[in-house]
Structures are given as structure tokens and as C-alpha cells.
Amino acid sequence: MIVPGQKSEVAWGDGNWIFLDIGFSCESRSCGFAFGEETPKSITFANAISAVIDRVQTSERSTRLVVEAPLSVCFDRLGNPKGRRIERQDSGTRYWYVGAGCVVMTAALYLIRAIYGAGVRRDVLLYEGFHSFKKRANRSNHSQDVNDLRRIVQAPQTVQHRVFDENDLRSDHDDQIQSAFHVADIDCGIPAVLALGSFR
């Protein structure tokens, strides 16, 4: 079963974490992947799906899966798409419904569907990684993104590393936050978000 990871549960502990900087390319190694303290590697989307399923199927306990993609979405009180609070920072906006956010959210949907289809026996605690406000030189470094996400788990509440829960994602009290996969009749709840950036 896939369940939303909680803010209170973010701790390195036994290191049973999977980190996936997901991409959606037909040819290039567009994903960064690491399990626990492994050295991150760049792999294709298809190989990333296989690697995640292999890890969660062979694990003897629940696995914590961090996916760098929007795993929850926000709508205003009228039902229009709206940015989540973390998607506005000093250097601009990276809304879930615009550009690259839509692409990686689609990739994450196929990943989640594949995990369900594999009949995984142990719980998978799902977390969102949010690492969108990067300096230009680091924008395509999937291995570095994986390392950065791992550092959040190891030190979750610093100036540049933060963990957000559902309430933290709202800008206004009537914002409607829901699973990004609700539209496909998959509801993984609202995972906590592991984020890097200059937060207001």
C-alpha cells in the first residue's frame, strides 16, 4: 500500500529510503536514483521504474520513497489551479500546473501506477521532493539533486532544508490541496514535502 509520508516521520534512522529525481525522456538517462547511502546514478525512466519496484518488493519492512515531482496539487475555492505556497520563492515561481511540473507529475503518475500494479506487499511511505529553484549550473545534475534530497532527510530543518506538511502548502485557508493522482482514481493522500530553497 502507498501511504503519505508524514513530516514527523522524516528521520534517517535505518536509511531505508529511496530517492528518485524523476525525468520523462524516451532516450536519455533522465532520472537520478539512489537507495540509502548508495552513490546516486543516472538511469532511464524505464530503469527507474524497475529499480523502485525491485527495492520495495524485496524490502523486509516499509520503504520511504522520495520523488522529485509534484505529488499534491492546489485549487482555489472556485476550482481553478493555484500554486502551492512552496512554489513561490524569492527567485520566482515554479507552479505544479506549468511547464516542467506537469511533465514530471505525469512521470510520477506512471511510477505510482506501476507500484500498485506490482502488488507490493509492504507499505511505501511516499514523500515529495521539491528542488526546483536551482542555480543554472546545477539544473541538469540528477545525481546532485538526489544527494541534496538525501541531505534533507539527514538534516530536515535548517535554513535551506525544510519539511512541509499539508497545512504548510496552503497560501489561503480555503485552498484545496489534494493528491496529484486523484484525477486517475489513485489517492495517495498528501505526502510531506522535502524542499530546498529560500523560503519566505
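Things worth noting here:
- Some residue of the stretch 24-37 being of a type in the set (A, V, I, L, M), over 14 Å from R151 (Cα atoms) and crowded, with 16+ Cβ neighbours inside 10 Å: no
- Some residue of the stretch 100-113 being of a type in the set (S, T, Y) and surrounded by 18 or more Cβ atoms within 10 Å (Cβ to Cβ): no
- Scope the stretch 59-73; condition outside any strand (DSSP E or B) and at pLDDT 95 or above; matching residues: E68, A69, P70, L71
The values are calculated or read from the model by the stated rules, or taken from the named source; none is laboratory data. All values reported here derive from a predicted model rather than from experimental measurement. Quick reminder, even Gly has a Cβ in these numbers, built from the backbone with ideal geometry, and neighbours come from all protein chains shown.
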